[in-house]
Amino acid sequence: MRVRIHRGTKEVGGNCIELSSGGKTLLLDMGMPLTAPDPANVKLPQIEGLQVEDRNFLGIVVSHPHFDHYGLIQKARSSTRVFIGSDAEKILRAAIPFGSFGVVFQNVTHYQHRVCFEVGPFKITPFLNDHSAFDAYSFLVEADGQSLFYSADLRGHGRKARLFDQFLKTAPKPVDVLLMEGTTIGRENGKEVAKSEAELEREIFESLKVTPGLALAYFSAQNIDRFVTFFKASKRAGRTFVADLYLAHILDALGRKSLPSPRGNDLRVFLPSAMKRRIVREKSFDLVAPYYPKRIYPEEIARCASDLMMIFRPSMAADLENALRGAKLFYSLWPGYLERDGFDLQAWCVTRKVAFEIHHTSGHAGISDLKRLVKALEPKRLVPIHSFAPQRFRSFFPNVQPANDGEWWEV
Ligand SMILES: [Zn+2]
């Protein structure tokens with residue numbers, strides 16, 4: 001089996017790994033580079049079969065529904081075969097009416113946790129992961145008597161931490177090659193242990209107890225684990241959680257009994273005016289109809305502010321002007337985005353006298369969990385991917401042999 005990483009050996013995002021065996025080609029992820037200033041101008045990698053049908057091109061296995069892992073697929077021919085988890089596909093479909101991250105793939109095959117499947121000469125076993133994206137997987141790929149394990153993005157401190165522990169106990173070993181993510185290696189300056197979602201929940205609960213007004217939770221609506229963290233903290237503090245239409249629509253699409261439902265008594269649903277304008281423009285009233293009995297309007301939010309915690313994003317700021325007395329904003333995204341966002345969130349908080357706090361934990365494993373992963377898989381060769389600091393892998397792990405973007409090598 002031969003491997004060519006088109007992108008990702010020296011950066012976080014844009015993962016694209018080409019595997020070749022017996023003249024057949026399979027891709028693991030084809031994401032948008034996060035560093036691309038203009039996604040519209042990012043070109044497809046030079047791979048036969050992406051634009052014109054080629055019987056030797058077998059398709060793309062997508063690890064999880066984050067843009068840096070699937071974002072470039074939209075530029076490939078629409079009949080491209082895509083392998084993806086069924087909940088991951090539901091999330092991407094549900095996002096379509098709400099902006100550029102939604103997508104429908106035409107030729108989809110679903111895979112499942114620990115159920116191995118064959119595509120041409122490749123035998124693939126997916127392993128469900130703990131990550132900030134819902135329905136995220138790692139893969140063991142076997143071909144030509146060789147094995148390659150692709151971690152994709154994972155962590156061991158989230159709501160699915162048990163999955164990570166289970167995996168470590170039963171991991172396939174030794175593997176010939178481990179392609180392992182190292183997002184936090186560049187970011188955290190050697191900080192080893194990340195805060196768990198459970199600790200985050202406690203921290204948010206404690207802070208809610210001393211919040212006199214509206215609690216605003218700024219997190220990604222697609223980060224279902226983080227939603228559950230906020231929802232639980234909010235419930236414990238005796239507050240009702242308010243989802244916006246986007247989050248409600250995603251929860252509805254997933255339809256999981258284990259998750260709060262926007263149609264039941266757990267949640268209220270807010271339609272921000274920016275979304276409302278879009279719905280009127282596109283006459284997509286069906287999107288809101290299921291939640292009419294659960295709708296909450298700005299007047300009620302202002303009146304009951306101290307009883308509520310609600311999802312927030314800057315596009316809602318104008319809707320909430322009259323509900324901000326004693327409010328607090330719980331920022332729960334990677335803090336690096338604060339500097340990149342066009343909207344100056346902290347300045348907005350200062351002028352509105354809204355308290356600002358960061359309550360976040362990474363979607364990616366810290367070094368100690370990555371060490372446990374390496375120990376469990378016993379790779380003969382470890383290739384860094386999804387990291388801005390591949391040169392630092394050697395300080396933490398054995399058998400590191402970095403690769404370069406665009407170069408072929410044998411497993
Ligand atoms: Zn990623």
Original post:
Do we have any residue at all in region 365-377 that's surrounded by 20 or more Cβ atoms within 10 Å (Cβ to Cβ), part of a loop (DSSP other than H, G, I, E, B) and modelled with pLDDT of 95 or more?
Top reply: no
**OP:** Considering (1) crowded, with 17+ Cβ neighbours inside 10 Å; (2) outside any loop (DSSP other than H, G, I, E, B); (3) out of contact with any Pro (no Cβ under 9 Å at 6 or more places or on another chain), say which one Glu299 fails and leave the rest.
**Re:** (1)
Subject >> Every residue from region 15-47 that is within 16 Å of the ligand (Cβ to nearest atom) and surrounded by 19 or more Cβ atoms within 10 Å (Cβ to Cβ) >> reply: Asn15, Cys16, Ile17, Leu27, Leu28, Asp29, Met30, Gly31, Met32, Pro33
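Is it true that Val52 is of a type outside the set (Phe, Trp, Tyr) and either surrounded by fewer than 14 Cβ atoms within 10 Å (Cβ to Cβ) or more than 16 Å from the ligand (Cβ to nearest atom) (or both)?
So Val52 passes the test.
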**OP:** Take region 181-239 and flag every residue that is surrounded by fewer than 21 Cβ atoms within 10 Å (Cβ to Cβ), polar (S, T, N, Q) and part of a helix (DSSP H, G or I).
**Re:** Ser207
Original post:
Can you spot a residue in region 394-405 that is part of a helix (DSSP H, G or I), touching a residue at least 12 places away in the same chain (Cβ under 8 Å) and under 19 Å from Phe149 (Cα atoms)?
Top reply: no
Original post:
Taking only pairs six or more apart or across chains, which ones have beta-carbon atoms under 8 Å, a first residue in region 242-259 that is touching a residue at least 60 places away in the same chain (Cβ under 8 Å) and closer than 13 Å to Lys294 by Cα, and a second residue that is of a type in the set (Lys, Arg) and not in a loop (DSSP other than H, G, I, E, B)?
Top reply: Val242/Arg268; Ala243/Arg268
Original post:
Does region 83-109 hold any residues that are surrounded by 13 or more Cβ atoms within 10 Å (Cβ to Cβ) and not in a helix (DSSP H, G or I), and which are they?
Top reply: Phe83, Ile84, Gly85, Ala95, Phe101, Gly102, Val103, Phe105, Val108, Thr109
**OP:** Restricting attention to region 305-316, report how many residues are crowded, with 18+ Cβ neighbours inside 10 Å, part of a helix (DSSP H, G or I) and under 26 Å from the mean Cα position of the chain (by Cα).
**Re:** 1
Subject >> Residues of region 12-33 classified as out of contact with any Ser or Thr (no Cβ under 6 Å at 6 or more places or on another chain) and farther than 17 Å from Leu50 by Cα, total >> reply: 4
Subject >> Breaking point among (1) of a type in the set (D, E, K, R); (2) away from the ligand (no atom under 16 Å from the Cβ); (3) touching a residue at least 60 places away in the same chain (Cβ under 8 Å), for Lys75 >> reply: (3)
**OP:** Could you look through region 4-26, keep only residues that are more than 19 Å from Gly182 (Cα to Cα) and either not aliphatic (A, V, I, L, M) or not assigned by TED's automatic domain parsing to the domain that holds Lys123 (or both), and pick out the one that is nearest to the chain's Cα centre (by Cα)?
**Re:** Glu18
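So that you can scan it fast, the table gives a plain yes or no per residue for (1) of a type in the set (Val, Ile, Thr); (2) closer than 22 Å to Asp225 by Cβ:
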residue	(1), (2)
Leu251	no, yes
Pro260	no, yes
Arg263	no, yes
Val269	yes, yes
Lys294	no, no
Arg303	no, no
Phe312	no, yes
Glu339	no, no
Ala355	no, no
Original post:
Does region 174-181 contain at least one residue that is in contact with a His (Cβ under 7 Å, 6 or more places away or on another chain), within 16 Å of the ligand (Cβ to nearest atom), of a type outside the set (Lys, Arg) and under 24 Å from Arg394 (Cα atoms)?
Top reply: yes
Original post:
Restricting attention to region 240-259, does a residue exist that is closer than 19 Å to Ser63 by Cβ, modelled with pLDDT of 95 or more and within 16 Å of the ligand (Cβ to nearest atom)?
Top reply: no
**OP:** Could you please find all residues in region 228-252 being out of contact with any Phe, Trp or Tyr (no Cβ under 7 Å at 6 or more places or on another chain) and under 16 Å from Ala88 (Cα atoms)?
**Re:** His249, Ile250, Leu251, Asp252
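The values are calculated or read from the model by the stated rules, or taken from the named source; none is laboratory data. Remember, it's a predicted structure, so these values are computed and weren't measured experimentally. Heads up, the Cβs are rebuilt from the backbone with ideal geometry, glycines too, and the neighbour counts pull from every protein chain shown.
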